[in-house]
Amino acid sequence: TSLLTLGIQPFVTFFIGQSRMPLESFAVMPVVTSFVFIFRGLGLSFQEVVVALIGDNMAGFNQLKRFAIKLAMFVAGTLMLIAFTPLAEIWFRDVSGLSESLTEFAKLPLMIMSFFPAFTVLISFQRAVLVKANETKQITYGTAIEFVGIIVVVAICIKFFSLVGAVAATIAFVIGRMAACGY
């Protein structure tokens, strides 16, 4: 699972290099994904919380599920509030130091990724339940689905739809994660 997760970035980087506006995409992707990671962090740590608190007979499932929904709404809602308002400009231009043109360029990828923290909470909850049920093979299968989904989507977006690399990559990350959660 870890190898698959770490292995996706070189493939995405390759496809971004083949896209329209690759330099701008390479410039903004670390800024966008790092900012999104701030909001994903709560979801990532939630997996350990669920494993610790769900109980041996899954007695805490419903309570943790309710909390997961609230957490997902909070992290994604907060990021959406920033992504879809002038706060994005403040973050990119004033805090991150991007130029005006790169600030504009980074807005759409952030909007696309604004849903990602909610999927991080969901997949962390799902994985924790699977760990507790000793069904960890399913986590690997889900990660493989996400890996393949990202590669296929980014390739299609760039090769067939000629999307800008940063947009194609963020769409691929979201769709890949949705596929993993769906599995």
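The values are calculated or read from the model by the stated rules, or taken from the named source; none is laboratory data. Not measured: the values here are computed from a predicted model. Counting neighbours? That spans all protein chains shown, and the Cβs are built from the backbone with ideal geometry, glycine included. Ligands, DNA and RNA are stripped out before the accessible areas are found, and what is left, the full protein with its side chains, is counted by its heavy atoms. Shrake-Rupley method; radii C 1.70, N 1.55, O 1.52, S 1.80 Å.
Relative intensity of the range 72-160 on a log10 scale, I(q)/I(0) at q = 0.16, 0.18, 0.21, 0.22 Å⁻¹, equals -0.83, -0.93, -1.01, -1.03, per a Debye sum over C-alpha point scatterers of equal strength in the absence of solvent.
Run the helix sum for the chain: -39,500 (n - 2.57) per DSSP H stretch of 4+ residues, divided by residue count, reported at 222 nm to the nearest 500 deg cm²/dmol.
Details: 7 runs with 143 residues, N = 183.
The helix-only estimate for the chain comes to -27000 deg cm²/dmol at 222 nm.
Mean projected area of the Cα convex hull of the range 74-117, taken over all directions, amounts to 2.7 nm². When +1 charges are put on Lys and Arg Cβ atoms and -1 charges on Asp and Glu Cβ atoms, the dipole computed for the chain relative to its Cα centre reaches about 400 debye.
Protein-only accessible surface at a 1.4 angstrom probe places the residues Ser99, Ser2 in the order Ser2, Ser99, largest first.
Take the chain with all the other protein chains still there, run a 1.4 Å probe, and you get 51 Å² of accessible area per residue.
Taking only complete DSSP H runs, can you tell me which helices of the chain stretch 27 Å or more along their own long axis by Cα positions and average at least 0.5 on the Kyte-Doolittle scale? Numbers along the way, then the final one.
Working: long enough: 22-53 (45 Å, 1.45); 61-83 (32 Å, 1.19); 137-159 (33 Å, 1.50).
Helices meeting the span and hydropathy rule in the chain are 22-53, 61-83, 137-159.
Given a Förster distance of 25 angstrom, what is the FRET efficiency for Arg93 paired with Leu3, based on the Cβ-Cβ distance and rounded to 0.05? Before the final figure, lay out each step's value.
On the way: r = 37 Å, r/R0 = 1.48.
The computed FRET efficiency comes out at 0.10.
On the chain, 70 percent of the accessible area sits on carbon and sulfur atoms, based on a 1.4 Å probe. Rounded to the nearest angstrom and listed largest first, the equivalent-ellipsoid semi-axes of the range 2-109 from its Cα gyration tensor are 33, 19, 9. Take the convex hull of the alpha carbons in the chain; its mean projected area over all directions comes to 10.1 nm².
For the range 27-183, what is the number of Lys pairs with C-alpha distance below 26 angstrom, counting only pairs 8 or more positions apart or on separate chains?
Details: Lys65/Lys132; Lys65/Lys137; Lys70/Lys107; Lys70/Lys132; Lys107/Lys159.
Qualifying lysine pairs in the range 27-183: 5.
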